[in-house]
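Visitor: The structure follows.
Values in this text are rule-based calculations from the coordinates and carry no lab data. All of these numbers come straight from a predicted model, not from anything done at the bench. Ideal geometry is used to build each Cβ from the backbone, glycine not excepted, and the neighbour counts take in all protein chains shown.
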Amino acid sequence: MILAKRPRRVALVRIDARIPAHVKESVTLAASLQGRSQTDFLVMALAEAARKAIDQHHAIQLALKDQKALASGLLGRGKPAKNLPRLSRALRDHACRAESR
């Protein structure tokens, strides 16, 4: 006999917000166009906006980390020869050309 899984109970909390009347009208219309309740529409919109903000923040943090790693490698603070042999060769070639000028 296969038992059906019970749906998990999710803790619900309340958020109160005062919004301009025209925003409420837009939410009401958008929710009805999607066949959702206003609450469902708001929860989905808030969750999506939060996810995008968090993803964007992480992308910026990773980009900064990558920039620092690249700068460190280019300035000779890292060991590019170990991980990036082509970059190491390019840096050596550049140094040789710069010295010959």
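Visitor: What label, among (1) 27.0, 83; (2) 13.0, 41; (3) 12.3, 34, belongs to Rg and Dmax of the Cα atoms in Å computed from the structure on display?
Guide: (1)
Visitor: Would you work out which of 72, 37, 23 lies farthest towards the positive end of the dipole of the chain, given +1 charges on the beta-carbon of Lys and Arg and -1 on that of Asp and Glu, about the Cα centre?
Guide: 72
Visitor: Return the calculated 222 nm mean residue ellipticity for the chain, to the nearest 500 deg cm²/dmol, obtained by summing -39500 (n - 2.57) across DSSP H runs with n ≥ 4 and dividing by the residue count.
Guide: Roughly -23500 deg cm²/dmol at 222 nm, from the helical runs in the chain.
Visitor: Moving to a separate point now. Where does helix 85-100 land angle-wise versus the long Cα axis of the chain, in degrees 0 to 90, nearest 10?
Guide: The angle comes out near 50 degrees.
Visitor: With charges set only on the Cβ (+1 for Lys and Arg, -1 for Asp and Glu), what does the dipole of the range 5-101 come to about its Cα centre, in debye to the nearest 20?
Guide: Around 620 debye, computed over the range 5-101.
Visitor: Of the residues 89, 14, 51, which exhibits the maximal mean-square fluctuation in a Gaussian network model of the chain defined by a 10 Å Cα contact cut-off?
Guide: 14
Visitor: Right, another one. What distance in nm separates the simple spin-label points at residue 56 and residue 94, each placed 7 Å from Cα in the Cβ direction?
Guide: 3.3 nm
Visitor: Let me ask something additional. Measure nothing but the geometry: give the 0 to 90° angle between the long axis through the Cα atoms of 21-33 and the longest principal axis through the Cα atoms of the chain, rounded to 10°.
Guide: Compared with the principal axis, the helix lies near 80 degrees.
Visitor: Taking the 0 to 90 degree range and rounding to the nearest ten, how far is the long axis of helix 38-74 tilted relative to the main principal axis of the chain, both from C-alpha atoms?
Guide: 10 degrees
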